[in-house]
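All remarks here apply to the structure that follows.
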Amino acid sequence: MTATLDRPQQESSRRRKRNSSPGKPFAAGPSTYIIASLITLVSVFPLYYTIVMASHTNSEMAAKVPPFLPNGSFFTNLKAALKLAPLNKGMFNSLIVSGTVTIGTVAFCTLGGFAFAKLRFRGSAFLLGFCVLTMMVPMQMGIIPLYMMMAKLGLANHLQAVVLPTLVTAFGVFFMRQYISSAVPDELIEAGFVDGASSFRVFFSIVLPAARPAMAVLGMLTFLTTWNDFFWPIIALSTQNPTVQVAFQSLATGYAPQQSIIMAGTLYGTLPVLIVFALLGRHIVGGIMQGAVKG
Amino acid sequence: MTLTHARRTAVRVSATPTAKRRRRRPGSRAAYAYVAPFFLIFAAFAVYPWLDTAWVSLHDTRLTTYNHSHWVGFANYRNLFGHKFFWNALKNTFTIGIISTVPQLLMALGIAHLLNTRMRGRTFFRVALLMPYATSLAAATVIFVELFGVDFGLINWVLHHVLHLGKIDWQGSKWPSQIAVSTIVTWRWTGYNALIYLAGMQAIDETLYEAAAIDGASRWRQFLHVTIPGLRPTILFTIVVSTIGASQLFGEPLLYDPLGQPSGGTSGYYQTLGVLMYQQGWTNDRLGLAAATAWTMFVIIVLAVALNTYLVRRRDRASR
């Protein structure tokens, strides 16, 4: 609630400031709009053309002049795609994995971020610095022991194997710490302690309400990243119990790789996320831009 | 809602700078409890595996006999550095890294500059720019494989029938295939970096532009002498993040292979270190060698990041 209600306000106040300030030297001219439209076209065209490819038969796509408008064969193609790869199961699995990871990451990283931002404790600078440095470690570094660990725990090919290692991220802790540092003044925390509140009470009644916009952004980013994650899922999961990204791989590299069918399946597995993104996009944009200035 | 609002106003009133709080706060011991879930999970599923990878890299380890691996010292590293596949993958990682990040960051800078104006439909343009970022790398690669198709791909159709040029073998020749893989990376990340630059540009003090405008500086000169210096930290940040991303590039070159094999095409033209490591470990069952590759990649990333940071900082000092 707070997230959705607060942000437009911040946005509008920023806009007012920007527009009223005489210092902004350049208003957009027609050329700006033309170039911006061209860039938009390049961004969106591959996705649009996926719709075109997914809704034609293969022979139509091989015509001398390929079609540029969608046609009616999407559902025929999709039916064939669903036979080639377990896309429905993949989407369901991706939903469970991404949902769990999002809840875990937001909860644990908000708690950790609060401690790093507002509580002083021995070793906090070292731990935070360690956290930031680990963002340099490539994902390949831990894959082999992780796979063995999951095999020993009997979790290989289970969704838990994908969820567990991604349940917290160093980025999340750092992101929440940056936001809480600046969004919650120390005086307010101090006042809470003076009134005899426990640190958990302070967290719950002061920090949590103020941190909600950042939690929403972290949640959206985490969901998107987890949904799109590819490397660890293709190692941890089999093609029988895949996430949707793993299902894409078996769709694209299976036998009889027919362009239209592959595209129909890819579109089917991608569209839900893109629609949600188009609806929530402004908040994600705001989050990325905020994180950039603070980070 | 009202509560939050009351609090927000309270925040603003009380946010005057007061004496520094030196007093030891209650709850500093509880702090360990708050960071514990993060660090326990992180230690178990990230830090421990990283260290164990170093241990594995000193052993001859197979998937089937993981518990009975035997010590071989640095043989895996010697083996790795003596192999032409490693040097090929290292070169590919480097060239694909350059082709995919340099144009990407330059374009992102230009786009951000373009959007840093008062314009209608700002939100629309920003969300549209970020659509490729929201598309998964698997989906994006599968889509671009079709667009780059040699016989029926749209790109070759445009080259051949519209521009009357020859068709390009985007799969079977070295530079075209590297450019194709880099295009996927560039398509997905340019908008994201443009938004980061845009955020950095909006944080630049506007009076600097006013002063420059009064001095008669053109928009281009303002860009060079106000925007770029103001963006230095942001630029460094994006260079570091892109370097890390490029060094571990994996999904795009794996899925760009028409058979989904971790060989980087039939001649290894676009086999990166990340793909090579996957091939060693999961196709050839040489986990020790793969672990050695992983640690080598880490060292390369640290060196590359340090070098980039050094170069940007030195330019920074030189320009002052």
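Just checking, which of A:M135, A:M141, A:M148 is loosely packed, with under 14 Cβ neighbours inside 10 Å, within 29 Å of the chain's Cα centre (by Cα) and facing another protein chain (nearest Cβ under 8 Å)?
A:M135
Quickly run through region B:62-85 and pick out the residues that are free of Cβ contacts under 8 Å to residues at least 12 places away in the same chain, more than 13 Å from every other protein chain (Cβ to nearest Cβ) and part of a loop (DSSP other than H, G, I, E, B).
Within region B:62-85, B:G82, B:H83 qualify.
Would you check if there is a residue in region B:277-290 being at the interface with chain A (Cβ under 7 Å from one of its Cβ atoms), β-branched (V, I, T) and in a helix (DSSP H, G or I)?
no
From the list A:L218, A:L280, pick out the single residue that is out of contact with any Cys (no Cβ under 9 Å at 6 or more places or on another chain) and touching a residue at least 24 places away in the same chain (Cβ under 8 Å).
Being out of contact with any Cys (no Cβ under 9 Å at 6 or more places or on another chain) and touching a residue at least 24 places away in the same chain (Cβ under 8 Å) holds for just one of A:L218, A:L280, which is A:L280.
Could you grab me the full set of residues in region A:190-200 that are more than 8 Å from every other protein chain (Cβ to nearest Cβ) and closer than 16 Å to A:A115 by Cβ?
The answer is A:G192, A:A197.
Specify the residue that is modelled with the highest pLDDT; the eligible residues are those in region B:16-61 that are more than 8 Å from chain A (Cβ to nearest Cβ), surrounded by fewer than 14 Cβ atoms within 10 Å (Cβ to Cβ) and assigned to a loop (DSSP other than H, G, I, E, B).
Here the answer is B:R23.
Can you tell which of A:I275, A:I262 is without any contact (Cβ under 8 Å) to a residue 24 or more places away in the chain and either within 15 Å of the chain's Cα centre (by Cα) or crowded, with 19+ Cβ neighbours inside 10 Å (or both)?
Going through A:I275, A:I262 in turn, just one is without any contact (Cβ under 8 Å) to a residue 24 or more places away in the chain and either within 15 Å of the chain's Cα centre (by Cα) or crowded, with 19+ Cβ neighbours inside 10 Å (or both): A:I275.
So the check is Cβ under 7 Å with 6+ separation or different chains; which pairs have a first residue in region B:125-146 that's more than 7 Å from chain A (Cβ to nearest Cβ) and a second one that's among the basic types (K, R) and assigned to a helix (DSSP H, G or I)?
From region B:125-146, the pairs are B:Y133/B:R188; B:A140/B:R188.
For region A:58-85, name all the residues that are surrounded by 15 or more Cβ atoms within 10 Å (Cβ to Cβ) and hydroxyl-bearing (S, T, Y).
Scanning region A:58-85 gives a single hit, A:S73.
Please find, within region B:94-123, the residue that is nearest to B:E206 (Cα to Cα) out of those that are within 16 Å of the chain's Cα centre (by Cα) and within 11 Å of chain A (Cβ to nearest Cβ).
B:A108
Looking only at region A:33-59, which residues are touching a residue at least 12 places away in the same chain (Cβ under 8 Å) and more than 27 Å from B:L106 (Cα to Cα)?
A:T50, A:I51, A:V52, A:M53, A:A54, A:S55, A:H56, A:T57, A:N58
Output the helices (runs of 4 or more DSSP H) that fall wholly within region B:187-273 and possess 2 or more residues being touching a residue at least 40 places away in the same chain (Cβ under 8 Å), at the interface with chain A (Cβ under 10 Å from one of its Cβ atoms) and within 21 Å of B:P132 (Cα to Cα), or say none.
Qualifying helices (runs of 4 or more DSSP H): B:228-247, B:251-256.
Yes or no: A:A191 surrounded by fewer than 23 Cβ atoms within 10 Å (Cβ to Cβ), without any contact (Cβ under 8 Å) to a residue 12 or more places away in the chain and in a helix (DSSP H, G or I)?
For A:A191, the condition - surrounded by fewer than 23 Cβ atoms within 10 Å (Cβ to Cβ), without any contact (Cβ under 8 Å) to a residue 12 or more places away in the chain and in a helix (DSSP H, G or I) - is met.
The values are calculated or read from the model by the stated rules, or taken from the named source; none is laboratory data. Predicted model only: the values in this text are computed from it and were never measured. All Cβ positions, glycine included, derive from the backbone under ideal geometry; neighbour counts span all protein chains shown.
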